Amino acid sequence: MTNVARVRGVGVTVSSVIRKIVVTLLTGGIAYLLATPLKPAEAIILSAFIGGVVLVVQFLIEFDDRMQVVEDEQTTRLAALERQQAAHTGEVRNLVQQSFLKISQATELFGLVEASALRTDAVIQLVQHSTALTQELPPLVARVAQAEIVRTSRFLKELGDGTASYEGEDRDWLLALAHNAKISIDATSLNTVDARGRGLDSTFWLSDLGQRYLEVQRGVARNGIKIRRIFIVDRPGIAHGPEFYEMCRLQARMNIEVRILTAADLEAPLKTKLLDFILFDNAVSYETTPAYRIDESSPPEIVQTRMQLQPDVVEERIDRFRDLWERAKPFVMAD
């Protein structure tokens, strides 16, 4: 309270007291005049009594007014406090609801991960490693990491839909499928796809990917995985070349059952359905689509790679491989 307010408060109090005294004296004087017929002593007592009653009534009225003002102020303060408390309670409720919603979503997602075919620890590691990328990471690296996460997410969605595709020649899918096969690997190999030139001295099998793919097959074959491969050639002369023979002999020595099929020996329906595909555990069909070659001197390019999981598509590939396998001739190593 400022000094001016204090002075005003004192002035109001003094003025109120003087007013009460004046009213009391006037009331007592009037009462005395009205009581003149009585004895002087009785008139004084009566005027003093009436004046005292008037004074007390004035104090009671002022006290009641002050109490009403105090009650109004308290009511206003309580109302403000209630509004603040209600707002605070609403904020706390929203925070709690959001926290429970996040916990519920995290619990639901974790439950879905546990119910899926993926290993829970691998998914948790992915999330943990993602959170380890801080704001201090260079923007370029952060964008690359984001792109890889988006690519992985899209790949998982495509697997769930039944078909995953990759523009160009794949590397990781092929090696991962071969490494994780547990039952069998049945493959068709078209020389128009595998050959990276006119001869077989620069084929897919002599490339880095081809060598790694063969090494993985060597390992799974030792573990009892059955591997069958049909080499489909478009010209009979290719099957009699020394490079082709060495390639077949190498794979046969790796416990890969090799057969050779000349496309010219096939009837029209099968000839038009020739496709370079690999069946892994009779559950996944890995397929490549070559680009059109202007002439035989240009190496074939893979324009698209697909991973087919639909049961009807896989079953059709199994039937097609069975037909081709029955028509192909077993590779025989020379003594």
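The values are calculated or read from the model by the stated rules, or taken from the named source; none is laboratory data. These numbers were taken from a predicted model, which means no experiment stands behind them. Positions of Cβ are generated from backbone atoms using ideal geometry, with glycine treated the same way; all protein chains shown enter the neighbour counts.
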Note to self: So residue 300 ticks every box in (1) crowded, with 18+ Cβ neighbours inside 10 Å; (2) at pLDDT 80 or above but one. Which box is left unticked?
What the structure shows: (2)
Note to self: If I ask for residues that are modelled with pLDDT of 90 or more and aliphatic (A, V, I, L, M), which ones from region 243-257 would you list?
What the structure shows: 250, 252, 254, 256
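Of everything in region 184-200 that's surrounded by 14 or more Cβ atoms within 10 Å (Cβ to Cβ) and not in a strand (DSSP E or B), which residue is modelled with the highest pLDDT?
Checking each candidate, the answer is 191.
Can you find a residue that is surrounded by 10 or more Cβ atoms within 10 Å (Cβ to Cβ) and at pLDDT 75 or above anywhere in region 94-104? Give the steps one after another, and end with the answer.
Looking only at region 94-104, we keep the residues that are surrounded by 10 or more Cβ atoms within 10 Å (Cβ to Cβ), and these are 94-104.
Adding the requirement that they be at pLDDT 75 or above leaves 94-95.
Looking through region 94-104, at least one residue is surrounded by 10 or more Cβ atoms within 10 Å (Cβ to Cβ) and at pLDDT 75 or above.
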Margin query: Can you find, within region 262-292, the residue that is surrounded by the fewest Cβ atoms within 10 Å (Cβ to Cβ) among those that are modelled with pLDDT of 90 or more and touching a Leu at 6+ places or on another chain (Cβ under 8 Å)?
Written below: 283
Check: For residue 204, which of the numbered conditions (1) of a type outside the set (A, V, I, L, M); (2) assigned by TED's automatic domain parsing to the domain that holds residue 262; (3) modelled with pLDDT of 85 or more fails to hold?
Finding: (3)
